[in-house]
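Read the structure below first, then the notes.
The values are calculated or read from the model by the stated rules, or taken from the named source; none is laboratory data. All values derive from a computational prediction rather than experimental measurement. Glycine gets a Cβ as well: all are built from the backbone with ideal geometry, and neighbour counts include every protein chain shown.
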């Protein structure tokens, strides 16, 4: 009889105080106690809002932490406005004010390391809760075509065209020196 009461109490406890297991998959971290690094992120976020990288209050900063070829600690900051993170979800994220930072570790070439594919679905489930409406949903149809008149033949033709020709213009590399100073660079 006591076992039945315990089982009932257990299920009532689960209903009243549900435990979200997906929130334990992706880990919320503090970026750094370093005021300079926090200011860099806040300044970068403000720049993304001013230059149009974040549109209609949508946007998350992708932070890739890596060491460059000289062994210096570096950050690659990239503005994200769609849910492309789902292809390689981060295992860590942070909040700076009301803004979100997805945190990756990278190689010397600034490439984010690939997250274990077995964790992707659980990480994405967790991150969907965290990110909410911060990002747009990517359309499933990825082709962008337009029609034009071929002046040589007089025929109407269809072709594909990229909307952004030169990649992501809002990216920024921060190279930290041992003395606490830093240098900002545009990635090539």
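Checking each residue in the range 68-86 for being in a helix (DSSP H, G or I) and surrounded by fewer than 15 Cβ atoms within 10 Å (Cβ to Cβ) picks out only 84.
Please find, within the range 26-62, the residue that is nearest to the chain's Cα centre (by Cα) out of those that are assigned to a loop (DSSP other than H, G, I, E, B) and more than 16 Å from residue 172 (Cβ to Cβ). Among those that are assigned to a loop (DSSP other than H, G, I, E, B) and more than 16 Å from residue 172 (Cβ to Cβ), it is 26.
Cβ separations smaller than 8 Å between residues 6+ apart or across chains give the following pairs from the range 15-40 residues that are at pLDDT 55 or above to residues that are surrounded by fewer than 10 Cβ atoms within 10 Å (Cβ to Cβ): 36/180. Quick one: would you say residue 58 is under 21 Å from residue 111 (Cβ atoms), exposed (fewer than 15 other Cβ atoms within 10 Å of the Cβ) and modelled with pLDDT of 85 or more? For residue 58, the condition - under 21 Å from residue 111 (Cβ atoms), exposed (fewer than 15 other Cβ atoms within 10 Å of the Cβ) and modelled with pLDDT of 85 or more - is not met. Against the list (1) assigned to a helix (DSSP H, G or I); (2) closer than 30 Å to residue 107 by Cβ; (3) at pLDDT 90 or above, the condition residue 65 fails is (1). For first residues located in the range 117-141 and in a strand (DSSP E or B), partners that are crowded, with 16+ Cβ neighbours inside 10 Å and lie 6+ apart or on another chain with Cβ distances below 6 Å form the pairs 136/81.
Being farther than 18 Å from residue 47 by Cβ, within 21 Å of the chain's Cα centre (by Cα) and at pLDDT below 90 is a description that applies to residue 111.
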